[in-house]
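Encoded as structure tokens, the structure appears first; notes follow it.
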Amino acid sequence: MAKVFIFPATSLILSDMVERWGHEALGAATGIRERIQTASLDSPPLQMTPEDPKKGLKYAAVEVPCGVRGRMALYGPLIEEADAAIIINDADLSFGCMGCARTNELVMFMIRQRKGLPVLDIKYPETDDEGFAFVSQIKEFLAGLGGESDD
Amino acid sequence: MKESEYIPTYVGTITKYVFIDSPDTTPQTLLIRAYEISDGLMIKETCFGLQVTGVPEKVKKLITELRTVDPAHIFVKDRGFLPGDPRRCRANLGGARPGYYGHEFESGLFRYISHGLEELEKNTAPTVTRLGKKRLDEGKLPPNRLLEIIRNEEA
Amino acid sequence: MTDQPVRIAQLSCGPEHSGVQKEIYDAAAAVNAEMFFPDVTLTDIRRSYDAFGLEARSGDLKLAIGRAMALVEGKVEADAVFIATCFRCAEAAIVRNELRHYIHEHSDLPVVSYSFTERTTSGTLLTRMEALTTIARRRALLAREEQKGTTMGVDSGSATTKAVIMRDNEIIGTGWLPTTEVLNSANGAIEAALKEAGLEMADIEAFGTTGYGRYLVGEKLGADLIQEELTVNSKGAVYLADRQHGEATVIDIGGMDNKAISVQDGIPGTFTMGGICAGASGRFLEMTAKRIGVDITELGPIAMKGISKTVPMNSYCIVFGTQSLVNALAEGSSREDVAAAACRSVAEQVFEQQLQEVDIKEPVIMVGGTSLIEGLVHEMGDLLQTEILVPHHSQYIGAVGSALLASGFIEEK
């Protein structure tokens, strides 16, 4: 079983695809769950505190807005932990944890900077044929990562 | 202002959204099936399907079982919060949490994904063009081709 | 407070991921307001995004645009709007300003916009939230145009404490002290004002407090009205300048922070309040006066004799500003030119940092202690290309506004 970082990290379809074929999806839910299930200062809604933008300094300099650094504190460790990544390149309507375009640029860059990390680039399907291309490419990519599969 | 401590609940559990988008299976059918095999898991009905919370192994087992009901039309997503968490609940926020719009967008694509999954199952679909990353100059007219057009126009 | 909570619509990008959302919630709760996120659908977001025409790339900014349009179109009801985005984000700054402008132009909703860092606390946001809720909740109170009976206003500011006694629409007593120990300074200023008016505390029928020390002073002395300085000062400004109807812009450069308020019929519409950097505050002018060896009251006339542009000085930071000042004097610049340059520098900082966040509508009224420094008023007028109004008693603006609004409480007694 491989740990696959998904982009958008909030993608329902990617979360499904990765786990459907026996792997673990690393996305926004992974990072948020960790915070929601850890005792700390009360900081609703996401239990992200001013410490997060500080942790984000590992990934972005201090002149980068706090919202970018906070989000990077969420995604940076997941990208470091990942065995592979799937990127949907036209994810223009993503909100919340994926709602900042600058963070998303940096997240994608960080994925591509990790030498040897298998990455599948894909786009959202707009037709039945593209739907088939989408699922078959993902399935093939995931099968190449080893581990269990439903085949 | 006031700093209060946050004490988490249900530590060690995971929560999954289960979406159903099928001509054959209703959310209710899926819900009944989920209750039948719930094995002590927390199950919550929603308009799109259900949410399930519990220890990871049991949740995975239930999901695997549920998927068999309608494999190409059931979609499962990981969730950081527990169902009905007041911090994410629409009733408290006044409007939907931001993630909801992402679901709304992607659920509009379920039909293509379902089609793909069905074709994959049949294993009969022809190979199609691969979807990839668009390059910066993709779709742009090469300069030579432009010159050619100008020359043809002038001729 | 038994009032219904004021419902403030939040349009934002980033506070949840910066650990700031709780601070927003806390500031709102402290003034009996609640934040909410206007409910829209994905279709609304797509439609609004296209209709608004500003091609932001960030999803949360697209969402903010959709929510703003839902508010303006009346699909979602709110009492006020709070726009918040990350400090130093250019994309968000563009969207924030355009949305602020759009809502102000197309609705009656009071709006405040703010750019936060992870260090933003609920304390910083409190005055802004209080002003938003006051405008939403106390329109009747703010509609008061005349002072009645015998009332007092106390402005416990960061640098000075002012007290004013009013009777039947006239100022009959004033008191002024530098703020040291908040309560003592307030008592001293009140005593002086009462003495001048020839009255005793028992003669005061109602009184209000404003400024940083408003809660402490107001609660200790039993004020009828404890009110933040944004609404009080703008009310006081249009009252003293006799511009209670129509549009106006109020600028108050204070000792610790500055306020710029866009006013319509005496009620603030959009406002900004800043105070991160002391180079844009009255403090810098105090330091300038000290350095060139004059009293602060002499700085204005001296500055009027100088030519500001001959001395390079434009710093948001009081330390850098002072360096420019020292260098200029060392290089032989006249103290008149240095004084003028210091006024120019403060005016430019306020212009660059704050006046961009409100819509400047004439007349522009300057109030607060710094409005007495005529060099500063001159430089500000030059920057804004307008004749600036400085009403009488402008240094007592908060106290006058409080005394005026407090007369609304006489009838209740």
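Considering (1) closer than 28 Å to A:Glu51 by Cβ; (2) among the small types (Gly, Ala, Ser); (3) within 11 Å of chain B (Cβ to nearest Cβ); (4) more than 13 Å from the chain's Cα centre (by Cα), the lone condition that A:Ala101 does not fulfil carries the number (3).
Of the residues making up the stretch B:1-20, those that are within 11 Å of chain A (Cβ to nearest Cβ), touching a Gly at 6+ places or on another chain (Cβ under 9 Å) and closer than 14 Å to B:Ile74 by Cβ number 3. Looking only at residues in the stretch A:1-28 that are in contact with a strand residue (DSSP E or B) (Cβ under 6 Å, 6 or more places away or on another chain) and closer than 18 Å to A:Arg69 by Cα, which one is farthest from the other protein chains (Cβ to nearest Cβ)? Across the stretch A:1-28, the extreme among qualifying residues is A:Phe7. Residue pairs whose Cβ atoms lie under 6 Å apart, separated by 6 or more positions or on different chains, with the first residue in the stretch B:66-86 and within 7 Å of chain A (Cβ to nearest Cβ) and the second among the hydroxyl-bearing types (Ser, Thr, Tyr), are B:Lys77/A:Ser15; B:Lys77/B:Tyr17; B:Asp78/A:Ser15; B:Arg79/B:Thr15; B:Arg79/B:Tyr17.
Being surrounded by 16 or more Cβ atoms within 10 Å (Cβ to Cβ), of a type in the set (A, V, I, L, M, F, W, C), modelled with pLDDT under 85 and not in a strand (DSSP E or B), is that true of even one residue in the stretch C:295-312? No, the conditions are met nowhere in the stretch C:295-312.
Which members of the stretch C:155-176 meet the condition of being touching a Lys or Arg at 6+ places or on another chain (Cβ under 8 Å) and farther than 12 Å from C:Leu405 by Cα? If the condition is that a residue be touching a Lys or Arg at 6+ places or on another chain (Cβ under 8 Å) and farther than 12 Å from C:Leu405 by Cα, then C:Asp155, C:Ser156, C:Ala159, C:Asp168, C:Gly173, C:Thr174, C:Gly175, C:Trp176 are the ones that fit.
Would you be able to say whether some residue in the stretch B:41-55 is more than 14 Å from chain C (Cβ to nearest Cβ) and free of Cβ contacts under 8 Å to residues at least 12 places away in the same chain? There is no residue in the stretch B:41-55 that is more than 14 Å from chain C (Cβ to nearest Cβ) and free of Cβ contacts under 8 Å to residues at least 12 places away in the same chain.
Among A:Arg102, A:Arg69, A:Arg114, which is crowded, with 22+ Cβ neighbours inside 10 Å and not polar (S, T, N, Q)? It would help to see each step written out before you state the result.
Working: A:Arg102 fails: crowded, with 22+ Cβ neighbours inside 10 Å; A:Arg114 fails: crowded, with 22+ Cβ neighbours inside 10 Å.
Among A:Arg102, A:Arg69, A:Arg114, only A:Arg69 is crowded, with 22+ Cβ neighbours inside 10 Å and not polar (S, T, N, Q).
Checked against the criteria, A:Asp52 does not count as at the interface with chain C (Cβ under 10 Å from one of its Cβ atoms), surrounded by fewer than 24 Cβ atoms within 10 Å (Cβ to Cβ) and of a type outside the set (Ser, Thr, Tyr).
Scanning the stretch C:147-182 for residues that are under 18 Å from C:Ala237 (Cβ atoms) and basic (Lys, Arg) turns up just one, C:Lys162. A count restricted to the stretch C:98-125 and to residues that are within 17 Å of C:Val81 (Cβ to Cβ) and either surrounded by 24 or more Cβ atoms within 10 Å (Cβ to Cβ) or of a type outside the set (Asp, Glu) (or both) stands at 17.
Cβ-Cβ distances below 8 Å connect the following pairs, each with a first residue in the stretch C:19-46 that is under 20 Å from C:Leu132 (Cβ atoms) and more than 9 Å from chain B (Cβ to nearest Cβ), a second residue that is surrounded by fewer than 24 Cβ atoms within 10 Å (Cβ to Cβ) and basic (Lys, Arg), and a separation of six or more residues or different chains: C:Ala33/C:Arg7.
Output the residue which, of all residues in the stretch C:372-411 that are among the β-branched types (Val, Ile, Thr) and crowded, with 24+ Cβ neighbours inside 10 Å, is farthest from the chain's Cα centre (by Cα). First the steps, then the outcome.
Filtering the stretch C:372-411 down to residues among the β-branched types (Val, Ile, Thr) leaves C:373, C:377, C:386, C:388, C:390, C:397, C:400, C:410.
From what is left, the residues that are crowded, with 24+ Cβ neighbours inside 10 Å are C:373, C:377, C:397, C:400.
Values: C:Ile373: 19, C:Val377: 17, C:Ile397: 12, C:Val400: 15 Å.
Residue satisfying both the conditions and the ranking: C:Ile373.
A Cβ distance below 6 Å, combined with a sequence gap of six or more or placement on separate chains, defines the contacts here; from the stretch B:95-120, residues that are in contact (Cβ under 8 Å) with a residue 12 or more places away in the chain and more than 7 Å from chain A (Cβ to nearest Cβ) reach residues that are assigned to a helix (DSSP H, G or I) and surrounded by fewer than 22 Cβ atoms within 10 Å (Cβ to Cβ) in the pairs B:Ser114/B:Ala72; B:Ser114/B:His73; B:Glu118/B:Ala72. Those helices (runs of 4 or more DSSP H) of the stretch C:1-102 in which at least 1 residues are within 25 Å of the chain's Cα centre (by Cα), considering only elements entirely within it, cover C:21-30, C:59-72. Summed over the stretch C:342-398, residues that are in a loop (DSSP other than H, G, I, E, B), touching a helix residue (DSSP H, G or I) at 6+ places or on another chain (Cβ under 6 Å) and closer than 21 Å to C:Asn314 by Cα total 1.
The values are calculated or read from the model by the stated rules, or taken from the named source; none is laboratory data. Every value quoted in this text rests on a predicted model; they were computed, and no experiment measured them. Cβ sites come from the backbone with ideal geometry, for glycine too, and all protein chains shown count toward neighbours.
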